[in-house]
Every structure is written in structure tokens, then in C-alpha cells.
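Q: Got a structure here, written out as C-alpha cells. Questions coming.
The values are calculated or read from the model by the stated rules, or taken from the named source; none is laboratory data. Every value quoted in this text rests on a predicted model; they were computed, and no experiment measured them. Cβ atoms come from the backbone with ideal geometry, glycine included; neighbour counts cover every protein chain shown.
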Amino acid sequence: MTMKKLTQKILTGMNPEGESGDCFRTCVAMLLGLERDAVPNFTKYDIDTWEYELGRWLGVRDLACIVVDINSEKTQWPHGHHGTRSTCVILGCDSPRGNYGHSVVGRVSCGKDRILNIDVVHDPYPGGVGVVGINTIFYIVPRTIPPLPSRNLPA
């Protein structure tokens, strides 16, 4: 299935109400196959509140968000994680347009060298130009993981 590329509606610093931009909710909508306006603009809240509201909203949908802070695009991934398929995620980054955060849809994978490979798939900013630096990966995952099938182990 091809991901529908969406454009954010609210631009930080460019709206009369001074509301934070809605790039993050636009990315959430893209990952979940929803329209942008079907997802709340979580970043209109302070940081503690918006993370709580995101978790609550995802939880009703049996989803959760795992947040991974990274220091560079060359983050070492734990041994045994290599060779995984690429995964679409939300990348938290610095905006090239000002001193504030921005979110884009990205794809992460890990090679045999255990180096995390990160690619920007779509910048929801109108005419998006990408990112300055990536500092956070947001994985949206099923909230409950089904149990592994039982094995008949020797006694």
C-alpha cells in the first residue's frame, strides 16, 4: 500500500493565533492512513500534556508510541537488530526555517554494520525542504503484542 503524502495546514509562526504547527499530526495521519484533520494537533499543548494526549488517542486505537532519542544519523543499534526491514516512522528534527522543532515521515533500517540508516520519506511542510538534524524517532506500534506461539521444549 502506498502512503498518501499530506501537507500540514498550520505553520509555526505563520498563523495569527500563534498556534504551533501541525506537522506532527500530519505525519501521524500519514502513517495511519488517515486524513490530517482526523488527528488532533497534539503539539498545541505543552510537552508533558501533548505526549499524554498522544498516548491516550493512540491507546483507544490499540496503538502506542515508542520514542527513541538519538544523537546522530549514525546511532549504533543493539547487536542482533541488524538486517531488519525498513520501517516508516516519524522523525523529530530541527526545522530549516527557524529555531523550533519539526516532524517528517522517515524510514529507518539497520544494516549488518549495526549502523541505523535514516531516510526522509516526506516533509509535510508545503514545498518541504527536509530537515537540519534528526534527534528523535517516533515508532507507532500495536499497544499489545500477541503472545509467541508455544514450543514443545524437551523436559
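Q: Of all residues being touching a Phe, Trp or Tyr at 6+ places or on another chain (Cβ under 9 Å) and not in a helix (DSSP H, G or I) in the range 34-49, which is nearest to Thr2 (Cα to Cα)? Just the residue, please.
A: The initial filter retains those residues of the range 34-49 that are touching a Phe, Trp or Tyr at 6+ places or on another chain (Cβ under 9 Å), namely 39-45, 49.
Pick out the ones that are also not in a helix (DSSP H, G or I) and you get 39-41, 45.
Values: Val39: 19, Pro40: 23, Asn41: 24, Tyr45: 31 Å.
Once the filter is applied, the top-ranked residue is Val39.
Q: Can you find even one residue in the range 50-69 that is aromatic (Phe, Trp, Tyr) and at pLDDT 90 or above? Even if it seems obvious, please write down each step before you answer.
A: Step one: list which residues in the range 50-69 are aromatic (Phe, Trp, Tyr), which gives 50, 52, 57.
Subsequent filtering for residues that are at pLDDT 90 or above retains 52, 57.
Yes - at least one qualifying residue is present in the range 50-69.
Q: Quick one: in the range 26-60, which of the residues that are within 17 Å of Tyr100 (Cβ to Cβ) and buried (at least 16 other Cβ atoms within 10 Å of the Cβ) is farthest from the chain's Cα centre (by Cα)?
A: Restricting to residues being within 17 Å of Tyr100 (Cβ to Cβ) and buried (at least 16 other Cβ atoms within 10 Å of the Cβ), the top hit is Lys44.
Q: So which residues in the range 89-106 are of a type outside the set (Ser, Thr, Tyr) and surrounded by fewer than 17 Cβ atoms within 10 Å (Cβ to Cβ), if there are any at all? Outline the logic, then answer.
A: Of all residues in the range 89-106, those of a type outside the set (Ser, Thr, Tyr) come to 89-94, 96-99, 101-102, 104-106.
If the condition is that a residue be of a type outside the set (Ser, Thr, Tyr) and surrounded by fewer than 17 Cβ atoms within 10 Å (Cβ to Cβ), then Asp94, Pro96, Arg97, Gly98, Asn99 are the ones that fit.
Q: Checking the conditions here, which among Val89, Val105 is free of Cβ contacts under 8 Å to residues at least 60 places away in the same chain and either of a type in the set (Asp, Glu) or within 16 Å of Phe24 (Cβ to Cβ) (or both)?
A: Numbers: Val105 fails: free of Cβ contacts under 8 Å to residues at least 60 places away in the same chain.
Sole residue among the options that is free of Cβ contacts under 8 Å to residues at least 60 places away in the same chain and either of a type in the set (Asp, Glu) or within 16 Å of Phe24 (Cβ to Cβ) (or both): Val89.
Q: Considering only the range 70-109, state which residues are of a type in the set (Ser, Thr, Tyr) and modelled with pLDDT of 90 or more. It would help to see each step written out before you state the result.
A: First, the residues of the range 70-109 that are of a type in the set (Ser, Thr, Tyr): 72, 75, 84, 86-87, 95, 100, 103, 109.
Scanning the range 70-109 gives a single hit, Ser103.
Q: What's the number of the condition Lys112 fails, among (1) of a type outside the set (Asp, Glu); (2) modelled with pLDDT of 75 or more; (3) exposed (fewer than 14 other Cβ atoms within 10 Å of the Cβ)?
A: (2)
Q: Moving on to the next point. Does the range 99-128 hold any residues that are part of a loop (DSSP other than H, G, I, E, B) and under 23 Å from Leu6 (Cα atoms), and which are they?
A: Our first condition is that a residue be part of a loop (DSSP other than H, G, I, E, B); within the range 99-128, this holds for 99-100, 111-114, 123-128.
Of everything in the range 99-128, those that are part of a loop (DSSP other than H, G, I, E, B) and under 23 Å from Leu6 (Cα atoms) turn out to be Tyr100, Asp123, Pro124, Tyr125, Pro126, Gly127, Gly128.
Q: Another question, then. Condition first: out of contact with any Phe, Trp or Tyr (no Cβ under 6 Å at 6 or more places or on another chain) and aliphatic (A, V, I, L, M). Now tell me which residues in the range 96-132 satisfy that.
A: Restricting attention to the range 96-132, the residues satisfying the condition of being out of contact with any Phe, Trp or Tyr (no Cβ under 6 Å at 6 or more places or on another chain) are 96-102, 104-109, 111-113, 115, 117-132.
Val104, Val105, Val108, Ile115, Ile118, Val120, Val121, Val129, Val131, Val132 - these are the residues of the range 96-132 that are out of contact with any Phe, Trp or Tyr (no Cβ under 6 Å at 6 or more places or on another chain) and aliphatic (A, V, I, L, M).
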